[in-house]
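The values are calculated or read from the model by the stated rules, or taken from the named source; none is laboratory data. Just so it is clear, the model here is predicted, and its values are computed rather than measured. Here the Cβ positions follow ideal geometry from the backbone for every residue, glycine too, while neighbour counts run over all protein chains shown.
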Amino acid sequence: MKFRIALAQINTHLGMVEQNLDKHLQWIEQARQGGADLVIFPELSLTGYVLQDLTPTVAHSPTADDPVFQKLLQESRSLDIVVGFVDEDRRHRFFIAAAYLSRGEVMHVHHKLYLPTYGLFDEGRFFAWGDHISAFETRFGRMGMLICEDFWHASPPYLLWLDGADVFLFMSASPGRGLSAKPQLESARWVEQLNQAYASLFTAFVVHANRVGYEDGLNFWGGSTIFDPDGNELLKAPYHQESLVFAEIDMNQLHRTRARLPLLRDERTALVQRELERILNRSTQMNR
Amino acid sequence: MHEIDLTIDTDLTRQILCGFLKTEITRAGFQHAVVGLSGGIDSALSCFLAAEALGAQNVLAVRMPYKNSSADSLEHAQLVIDQLGVESVTIPITEMVEPLFQRDPEMSSMRRGNIMARARMIVLYDQSEVFKGLVVGTGNKTEILLGYTTLYGDSACALNPLGDLYKTQVRQLARAMGVPEVIIQKPPTADLWKGQTDEGELGFTYTEVDKLLYLLVDQRYSPQDCVEAGFAEEFVRKVVEKIRRNHFKRVLPPIAKLTNRTVGYDFLYLRDWGT
């Protein structure tokens with residue numbers, strides 16, 4: 001089974017959902033014209049990233065009666081769409097979220113699990129921490145979504161892998177930092193290494209959509225990528241420029257790679273569970 | 001001392017900084033930039049970046065000599081103007097500052113220097129209105145950290161492309177962008193009085209202090225770690241103290257908090273809010 005994926009490496013307007021929605025609709029149309037079956041937007045693609053006190057004013061619920069999602073769901077009848085947004089739950093907690101839309105329905109919503117609140121980041125001040133992780137079925141196979149800091153930690157991708165994800169959809173609004181003599185920012189190098197490593201470790205597809213543009217002094221570096229189950233780079237968008245890039249995902253590659261390299265078959269989950277319980281019990285005692 | 005390499009990829013830096021100037025000036029509703037051109041390397045580089053980002057015709061270079069300013073300063077600024085083809089204007093500050101100077105013949109060099117820096121700020125912000133352009137800053141990371149700047153004077157700007165580059169990195173980028181070599185080579189000076197040089201006044205060279213600042217700030221070394229890395233204890237102490245004492249120049253004046261929502265504490269928005 002093959003399908004065509006588009007990465008919408010966009011810039012956004014800070015706190016302007018209507019303008020960003022218009023841009024999404026235009027890029028979705030371009031993705032459709034480019035033959036995409038699935039188009040992926042970056043983290044917080046409908047709102048911009050450094051929201052601070054704008055957070056409560058840009059929140060939406062991923063439901064058919066929400067004016068923003070109504071239009072996106074309409075578009076999703078002809079191709080699947082992943083968007084980033086601020087989700088306000090019924091108890092009025094705000095989450096950094098990603099929604100997978102397909103055939104007019106919301107197939108899955110992921111709430112960011114890890115909110116970086118250090119260095120230049122202040123997400124924990126404004127957002128609630130997501131508390132669930134699961135893979136989900138799509139018409140192309142089982143997938144999992146993570147948002148930026150989620151995949152700087154090893155456990156969320158691992159959990160998604162065990163939950164059956166063969167395609168990892170990662171979304172970022174990653175500020176560029178770490179200037180050196182190399183022609184690549186350290187933040188870009190770091191993320192690319194992680195994604196290539198996950199593709200290799202999990203013999204799976206790792207798709208990463210990162211945004212571009214500036215917010216005050218922060219630059220977002222783009223460089224969206226897809227790595228295949230052999231850890232090879234299938235696609236790489238340019239750094240720092242808006243671009244819509246396409247790649248074909250051949251799901252039969254999973255068969256070929258895993259026939260050669262049965263890492264998933266040999267993964268000793270019972271051992272992990274047993275040892276994890278022991279380690280966590282012991283560390284609870286040690287921390288007393 | 002182990003090797004501390006401050007080399008930067010100048011193509012990448014140039015791309016990010018030009019994108020920053022173009023995007024942020026445009027989002028603020030402007031197409032033009034105003035740069036105070038002193039004849040030194042920092043303002044020359046800011047002018048080169050602004051010209052590349054916006055087009056030379058959209059950049060106004062302002063020369064603001066005082067009667068005692070060195071002739072080199074004016075000439076070197078002219079080299080930049082001619083090379084880039086930016087718009088330019090020369091507005092001497094002598095007539096603005098002399099009446100203040102004459103009120104106090106005992107006035108120290110520092111006071112006179114600060115008055116001149118602030119007079120130039122007034123001229124620049126006035127030209128900002130005339131040219132409908134934003135004032136592009138010229139302060140680098142070294143001088144910002146050391147506080148080697150006049151508050152509301154040369155530090156005043158609408159946005160600053162150079163503030164995260166150490167002086168030695170400014171030199172690299174300036175060379176890569178084609179800033180005239182005579183400007184890159186000459187000893188850095190605020191040219192506020194005769195014979196003044198940055199390094200003479202600071203008491204150390206940029207090459208030395210940039211490496212120390214890189215360890216202290218970027219690499220989060222403790223002062224003791226820096227001494228163990230080979231820096232003289234007295235030098236480290238002096239620099240650490242300069243950074244601390246000048247922090248007031250790097251933050252907005254604190255507002256006394258009274259209500260539940262106070263500007264600066266819990267009224268938090270980027271400048272790019274809504275654009």
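Take B:Arg220 and decide whether it is at positive phi and modelled with pLDDT of 95 or more.
Numbers: at positive phi: yes; modelled with pLDDT of 95 or more: yes.
Criteria met by B:Arg220.
Out of the range B:27-79, which residues are modelled with pLDDT of 95 or more and acidic (Asp, Glu)?
B:Asp42, B:Glu52, B:Glu75
How about the range A:18-48: which of its residues are buried (at least 19 other Cβ atoms within 10 Å of the Cβ) and either of a type in the set (Val, Ile, Thr) or on the phi > 0 side of the Ramachandran plot (or both)?
Once the filter is applied, which keeps residues that are buried (at least 19 other Cβ atoms within 10 Å of the Cβ) and either of a type in the set (Val, Ile, Thr) or on the phi > 0 side of the Ramachandran plot (or both), the range A:18-48 yields A:Ile28, A:Val39, A:Ile40, A:Leu44, A:Thr47, A:Gly48.
Restricting attention to the range B:35-66, which residues are closer than 18 Å to B:Lys141 by Cα, part of a helix (DSSP H, G or I), touching a Lys or Arg at 6+ places or on another chain (Cβ under 9 Å) and of a type outside the set (A, V, I, L, M, F, W, C)?
B:Asp42, the sole residue that qualifies.
Return the total of residues in the range A:189-240 being crowded, with 17+ Cβ neighbours inside 10 Å, away from chain B (no Cβ under 14 Å) and part of a strand (DSSP E or B).
Here the count works out to 12.
In the range A:177-187, is there at least one residue being assigned to a helix (DSSP H, G or I), touching a Gly at 6+ places or on another chain (Cβ under 7 Å) and either within 11 Å of another protein chain (Cβ to nearest Cβ) or closer than 27 Å to A:Leu51 by Cβ (or both)? Even if it seems obvious, please write down each step before you answer.
Here is the first cut: in the range A:177-187, the residues assigned to a helix (DSSP H, G or I) are A:186-187.
With touching a Gly at 6+ places or on another chain (Cβ under 7 Å) added as a condition, the list becomes A:186-187.
With either within 11 Å of another protein chain (Cβ to nearest Cβ) or closer than 27 Å to A:Leu51 by Cβ (or both) added as a condition, the list becomes A:186-187.
Yes - at least one qualifying residue is present in the range A:177-187.
Just wondering, is there one or more residues in the range B:214-228 that are within 14 Å of chain A (Cβ to nearest Cβ) and under 16 Å from the mean Cα position of the chain (by Cα)? Write out each step before concluding.
First, the residues of the range B:214-228 that are within 14 Å of chain A (Cβ to nearest Cβ): B:214, B:217-220.
Next, from what is left, pick out any that are under 16 Å from the mean Cα position of the chain (by Cα): none.
Checked the range B:214-228: no residue is within 14 Å of chain A (Cβ to nearest Cβ) and under 16 Å from the mean Cα position of the chain (by Cα).
Taking A:Ile96 as meeting all but one of (1) under 15 Å from the mean Cα position of the chain (by Cα); (2) more than 19 Å from A:Trp129 (Cβ to Cβ); (3) in contact (Cβ under 8 Å) with a residue 40 or more places away in the chain, write down the number of the exception.
(2)
Just one of A:Gly130, A:Gly119 is crowded, with 20+ Cβ neighbours inside 10 Å, among the small types (Gly, Ala, Ser) and in a loop (DSSP other than H, G, I, E, B); which is it? Outline the logic, then answer.
Details: A:Gly119 fails: crowded, with 20+ Cβ neighbours inside 10 Å.
The unique qualifying residue is A:Gly130.
I'd like to know if the range A:10-20 contains one or more residues that are modelled with pLDDT of 95 or more and over 22 Å from A:Asn210 (Cβ atoms). Give the derivation first.
Of the residues in the range A:10-20, the ones modelled with pLDDT of 95 or more are A:10-20.
Checking the rest, the ones that are also over 22 Å from A:Asn210 (Cβ atoms) come to A:18.
So far as the range A:10-20 goes, yes, one or more of its residues are modelled with pLDDT of 95 or more and over 22 Å from A:Asn210 (Cβ atoms).
With the condition kept exactly as written, say whether any residue in the range A:56-76 is more than 27 Å from A:Ile249 (Cα to Cα), within 14 Å of chain B (Cβ to nearest Cβ) and of a type in the set (Asp, Glu).
No: zero hits.
Out of curiosity, is A:Asp87 touching a strand residue (DSSP E or B) at 6+ places or on another chain (Cβ under 7 Å) and away from every other protein chain (no Cβ under 14 Å)? Show your work before the answer.
Values: touching a strand residue (DSSP E or B) at 6+ places or on another chain (Cβ under 7 Å): yes; away from every other protein chain (no Cβ under 14 Å): yes.
Yes, satisfied.
With the checklist (1) within 14 Å of another protein chain (Cβ to nearest Cβ); (2) surrounded by 22 or more Cβ atoms within 10 Å (Cβ to Cβ); (3) touching a strand residue (DSSP E or B) at 6+ places or on another chain (Cβ under 6 Å) in hand, flag the one item A:Gly15 doesn't pass.
Tallying (1) within 14 Å of another protein chain (Cβ to nearest Cβ); (2) surrounded by 22 or more Cβ atoms within 10 Å (Cβ to Cβ); (3) touching a strand residue (DSSP E or B) at 6+ places or on another chain (Cβ under 6 Å), A:Gly15 fails exactly one: (3).
Out of all the residues in the range B:1-21, which are closer than 27 Å to B:Tyr221 by Cα, out of contact with any Asp or Glu (no Cβ under 7 Å at 6 or more places or on another chain) and in contact (Cβ under 8 Å) with a residue 60 or more places away in the chain?
Residues of the range B:1-21 closer than 27 Å to B:Tyr221 by Cα: B:1-10, B:12-13.
Filter again for out of contact with any Asp or Glu (no Cβ under 7 Å at 6 or more places or on another chain), leaving B:1-5, B:7-10, B:12-13.
Within the range B:1-21, B:Met1, B:His2, B:Ile4, B:Thr7, B:Ile8, B:Thr10, B:Thr13 qualify.
Every residue in the range A:208-256 that is over 24 Å from A:His13 (Cα atoms), touching a residue at least 60 places away in the same chain (Cβ under 8 Å) and among the acidic types (Asp, Glu), please.
Residues satisfying the conditions are A:Glu248, A:Asp250.
Just checking, which of B:Thr168, B:Thr275, B:Thr262 is of a type in the set (S, T, N, Q), within 14 Å of another protein chain (Cβ to nearest Cβ) and closer than 25 Å to B:Ile25 by Cβ? Give the derivation first.
Working: B:Thr168 fails: closer than 25 Å to B:Ile25 by Cβ; B:Thr262 fails: closer than 25 Å to B:Ile25 by Cβ.
Answer to the check: B:Thr275.
Any idea which residue in the range A:80-132 is nearest to B:Asp266 (Cα to Cα), counting only those that are of a type in the set (Lys, Arg) and at pLDDT 95 or above? Quick ask: steps written out before the conclusion?
Step one: of the range A:80-132, the residues of a type in the set (Lys, Arg) are A:90-91, A:93, A:103, A:112, A:125.
Among the residues that remain, those that are also at pLDDT 95 or above are: A:91, A:93, A:103, A:112, A:125.
Details: A:Arg91: 23, A:Arg93: 18, A:Arg103: 42, A:Lys112: 24, A:Arg125: 11 Å.
Filtering the range A:80-132 for residues that are of a type in the set (Lys, Arg) and at pLDDT 95 or above, the one nearest to B:Asp266 (Cα to Cα) comes out as A:Arg125.
Which ones in the range A:114-129 are in contact with a Leu (Cβ under 8 Å, 6 or more places away or on another chain), free of Cβ contacts under 8 Å to residues at least 60 places away in the same chain and under 10 Å from A:Ile96 (Cβ atoms)?
A:Glu123, A:Trp129
Answer yes or no: is there a residue in the range B:244-251 that is within 14 Å of chain A (Cβ to nearest Cβ), aliphatic (A, V, I, L, M) and out of contact with any Ser or Thr (no Cβ under 6 Å at 6 or more places or on another chain). Walk me through how you get there before you give the answer.
To start, the set of residues in the range B:244-251 that are within 14 Å of chain A (Cβ to nearest Cβ) comprises B:250.
Next, only the ones that are aliphatic (A, V, I, L, M) stay: none.
The answer is no, given that none of the residues of the range B:244-251 is within 14 Å of chain A (Cβ to nearest Cβ), aliphatic (A, V, I, L, M) and out of contact with any Ser or Thr (no Cβ under 6 Å at 6 or more places or on another chain).
Which residue is surrounded by the fewest Cβ atoms within 10 Å (Cβ to Cβ), if the candidates are limited to the range B:1-28 and must be assigned to a loop (DSSP other than H, G, I, E, B) and within 14 Å of another protein chain (Cβ to nearest Cβ)? Spell out how you get there, then give the answer.
Step one: of the range B:1-28, the residues assigned to a loop (DSSP other than H, G, I, E, B) are B:1-9, B:28.
Restricting the remaining residues to those that are within 14 Å of another protein chain (Cβ to nearest Cβ) gives B:3-9, B:28.
On the way: B:Glu3: 5, B:Ile4: 14, B:Asp5: 9, B:Leu6: 20, B:Thr7: 12, B:Ile8: 21, B:Asp9: 18, B:Ala28: 13.
Among those that are assigned to a loop (DSSP other than H, G, I, E, B) and within 14 Å of another protein chain (Cβ to nearest Cβ), it is B:Glu3.
Which numbered condition trips up A:Phe41, out of (1) without any contact (Cβ under 8 Å) to a residue 60 or more places away in the chain; (2) aromatic (Phe, Trp, Tyr); (3) closer than 30 Å to A:Asn252 by Cβ?
A:Phe41 satisfies all of (1) without any contact (Cβ under 8 Å) to a residue 60 or more places away in the chain; (2) aromatic (Phe, Trp, Tyr); (3) closer than 30 Å to A:Asn252 by Cβ except (1).
In the range A:133-155, what residues are out of contact with any Lys or Arg (no Cβ under 9 Å at 6 or more places or on another chain), closer than 25 Å to A:Leu51 by Cα and assigned to a helix (DSSP H, G or I)?
Of everything in the range A:133-155, those that are out of contact with any Lys or Arg (no Cβ under 9 Å at 6 or more places or on another chain), closer than 25 Å to A:Leu51 by Cα and assigned to a helix (DSSP H, G or I) turn out to be A:Phe151, A:Trp152.
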